[in-house]
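Q: I am attaching a structure below and will ask some questions about it afterwards.
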Amino acid sequence: MDRIDAMRAFVAVVTEGNFSNAANALRLSPQLVSKYVSKLEDQLNTRLLNRTTRKVSLTEAGSHYFGHAQQILLSIDDMESQLGGLQQNPKGVLRISAPVSFALKHMARLVTDFQRRYPLVKVDLQLSDRKVDIIEEGFDVALRIGQLKSSSLVAKPVAPIRVVLCASPQYLATHGTPTQLADLNHHRYLHYSYMNMEGREDLYQCLKTKYMQQGSEFRSNNGDVLVDAAIAGAGLILQPTFIASAALSSGKLVIVLPEFEPEPLGLYVVYAHRKLLPHKVRCFIDFIEGYYGSPPYWDESITTR
């Protein structure tokens, strides 16, 4: 028996004056209301109501229990009402984890536009290139880039992420422009520390072999630093276009070996559960879908594949 349902039946009998009226108010049969109250008394091992053929009255214990039961039911109803309000008008704090470079370049406007539409939602955006545990660390959603492996989390695609090999015109004028993958062995390669080198494409395999055999003249865990170094003529980089697009559009960098460009990665919004999502989370997931365009706006001025 549901203790809350039994409590509601008992309170209804007291407020309505008898079992029949209580049954009508609760849209239950009088027999079920009577059963609820009897079971409640059995659980409490206390008589709550004096019953006669004409009327129902509270015992002393019933009078005490009635006051407490009313408060409990009011609190439950108030809580459900507040939660319903959250579902209709999203509010509260939305905690988001996102990669550093992507967030710095492309999330300020996203968050601003999202809060214009949902002004009661506060956003706590934390930047990190490590793979955070969104449940353990208390995040509502995380943005992740790559080819995601299967997990218990739900991942929804947001945008394709092109990754290109590029260098500055100055560097290529000095060291020559590679025309085949084998030429990369004779060039400076600036390595991104978090780059997943397990891709099957020939370019990934070539750079992985070069890195394993020769190391890298310059490596960093931040793509923006590597892009700036490449612009300065330090060497070749393999970076996503969401970081390098401005330099590519202005001619500060040029794409090398475009015929070997890898298949795009994906930008995903990741969250813990598909069902019973807080409304603030559902609204953010729906809002970010298609926000960056197809192709994403940062690729519009770059030569297509």
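The values are calculated or read from the model by the stated rules, or taken from the named source; none is laboratory data. Here the structure is a predicted model, which means the values were calculated and not measured. So basically every Cβ, Gly included, is an ideal-geometry build from the backbone, and we count neighbours across all protein chains shown. For the accessible areas, the whole protein counts, side chains as well, though only heavy atoms, and no ligand, DNA or RNA atoms are used. Shrake-Rupley method; radii C 1.70, N 1.55, O 1.52, S 1.80 Å.
Q: Identify the residue in the stretch 1-21 that is assigned to a helix (DSSP H, G or I) and more than 20 Å from Ser75 (Cα to Cα) and, among all such residues, is most open to solvent (accessible area, probe 1.4 Å).
A: Here the answer is Glu16.
Q: For residues that are within 18 Å of Gly266 (Cβ to Cβ) and surrounded by 14 or more Cβ atoms within 10 Å (Cβ to Cβ), scanning just the stretch 190-202, find the one that is modelled with the highest pLDDT.
A: Tyr192
Q: If we keep just the residues of the stretch 22-71 that are in contact with a helix residue (DSSP H, G or I) (Cβ under 7 Å, 6 or more places away or on another chain) and open to solvent by 80 Å² or more (accessible area, probe 1.4 Å), which is farthest from Ile4 (Cα to Cα)?
A: In this case the residue turns out to be Arg47.
Q: Still on this model: Could you count how many residues in the stretch 219-246 are surrounded by fewer than 16 Cβ atoms within 10 Å (Cβ to Cβ) and within 19 Å of Gln205 (Cα to Cα)?
A: Count: 1.
Q: On to the next question. What tally of residues in the stretch 101-117 results from selecting those that are of a type outside the set (A, V, I, L, M, F, W, C) and open to solvent by less than 100 Å² (accessible area, probe 1.4 Å)?
A: Of the residues in that region, 6 qualify.
Q: Let me ask another. Check whether at least one residue in the stretch 270-285 is at pLDDT below 95 and more than 26 Å from Val154 (Cβ to Cβ), and report yes or no.
A: No, every residue in the stretch 270-285 fails to be at pLDDT below 95 and more than 26 Å from Val154 (Cβ to Cβ).
Q: Taking into account only those residues within the stretch 174-189 that are farther than 18 Å from Ala232 by Cα and open to solvent by less than 20 Å² (accessible area, probe 1.4 Å), which is modelled with the lowest pLDDT?
A: Leu184
Q: Mind checking whether some residue in the stretch 159-173 is surrounded by fewer than 12 Cβ atoms within 10 Å (Cβ to Cβ), under 24 Å from Ser245 (Cα atoms) and at pLDDT below 95?
A: no
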